1. Got a sec? What order do 12, 162 fall in by accessible area at 1.4 Å, biggest, i.e. largest, first?
2. How far apart, in nm, are the 7 Å Cα→Cβ label points at residue 14 and residue 215?
3. Give the carbon-plus-sulfur fraction of the accessible surface of the stretch 1-78 in %, rounded to a whole number; probe 1.4 Å, heavy atoms of protein chains only.
4. Roughly what would the spin-label model give for residue 29 and residue 1, points 7 Å off Cα along C-beta, in nm?
5. Each residue of the stretch 141-148 in turn: what ³J(HN,Hα) in whole Hz from Karplus with 6.51, -1.76, 1.60 and θ = phi - 60°, glycine and Pro shown as x?
6. So what are the ³J(HN,Hα) numbers for the stretch 129-135, from phi and the Karplus equation (6.51, -1.76, 1.60; θ = phi - 60°), rounded to whole Hz, Gly and Pro as x?
7. Leaving ligands and nucleic acids out of the surface, order 136, 145, 23, 164 by accessible area at 1.4 Å, largest first.
8. Could you run the Karplus curve 6.51 cos²θ - 1.76 cosθ + 1.60 with θ = phi - 60° over the stretch 26-40 and give me ³J(HN,Hα) per residue in whole Hz, x for Gly and Pro?
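The values are calculated or read from the model by the stated rules, or taken from the named source; none is laboratory data. Computed from a prediction, not measured in an experiment: that's the story for all the values here. Note that each Cβ is placed from the backbone with ideal geometry, even for glycine, and that neighbours are counted across all protein chains shown. All accessible areas refer to the heavy atoms of the entire protein, side chains included, with ligands and DNA or RNA removed. Shrake-Rupley method; radii C 1.70, N 1.55, O 1.52, S 1.80 Å.
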Amino acid sequence: QLQKARTHAIKEAQEATFHQDCYIASAINTIENKNLATKVAFGSVLPFKKTPINITKTALKYNPVGLFKTITYGSVQLRKGNINVNQYIDNLSKGLTGTGVALLGFALAQSGIIKASGGDDDKKEDFEEGQGKQSYSITIGDHTYSLDWLAPTGIPLFVGAEFYSLANRKAGGTEEKGASANQLFKSATNLLNAGATSANPLSEMSMISGLTSALQSYANGTKSIENMALN
């Protein structure tokens, strides 16, 4: 019993500090250590692997997506005996907590207190950033303060803000007055868009911004490889 308690405590401590075993991080490290070129490439784009990936995994648990997965896939696993009741309740609690935080983000975005991304309009986003309005930030008075350090807590918060932004997005350049949040869920297309948009806070927050920046530099311009190497 004492050994089981120790094992459980170690597992909980690793999860709380984002240091649990991670297959993806191990695979990246294996590729990185092949030669000098891979060390330079992977080391510059992804200097840290295990912690950011585990933060991402945790963020997906504390999320409406995590709640949906637990209710569907988790319920099947519980019936098959692959997980126990305690694990199921733990996952369900994480999903409910993340959903509550997402609803808070929706409400704060609706009140103009927090700001998600600038949407699909890159020119508008650049213009707002030039005026000092940061993406994924809180607005206090005339100033905005970045909240990217809140990961993983901030991710479901900004998922809610992204849902609000998507629900009120302009259609064909004109704003849809009085658009209801219910319309978002009535349309299968918008629902898929919302799922894709929910990944934006994750990709733009500081923990994997190096990878995001490298991919964007590759996509921009004709000298893609040169741009990526320079970045």
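1. Values: 12 80, 162 5 Å².
Descending order: 12, 162.
2. Taking the two extended label points, one gets 2.7 nm.
3. Details: 3590 of 5310 Å².
Ligands and nucleic acids excluded, carbon and sulfur reach 68 percent.
4. 3.6
5. For the stretch 141-148, the Karplus-derived couplings read x, 9, 10, 10, 10, 5, 10, 5 Hz, x marking Gly and Pro.
6. Running phi through 6.51 cos²θ - 1.76 cosθ + 1.60 with θ = phi - 60° gives 5, x, 8, x, 8, 8, 6 Hz.
7. Working: 136 10, 145 110, 23 190, 164 55 Å².
Largest accessible area first, the residues go 23, 145, 164, 136.
8. Couplings: 5, 5, 5, 4, 5, 5, 4, 7, 5, 7, 5, 4, 5, 5, 5 Hz.
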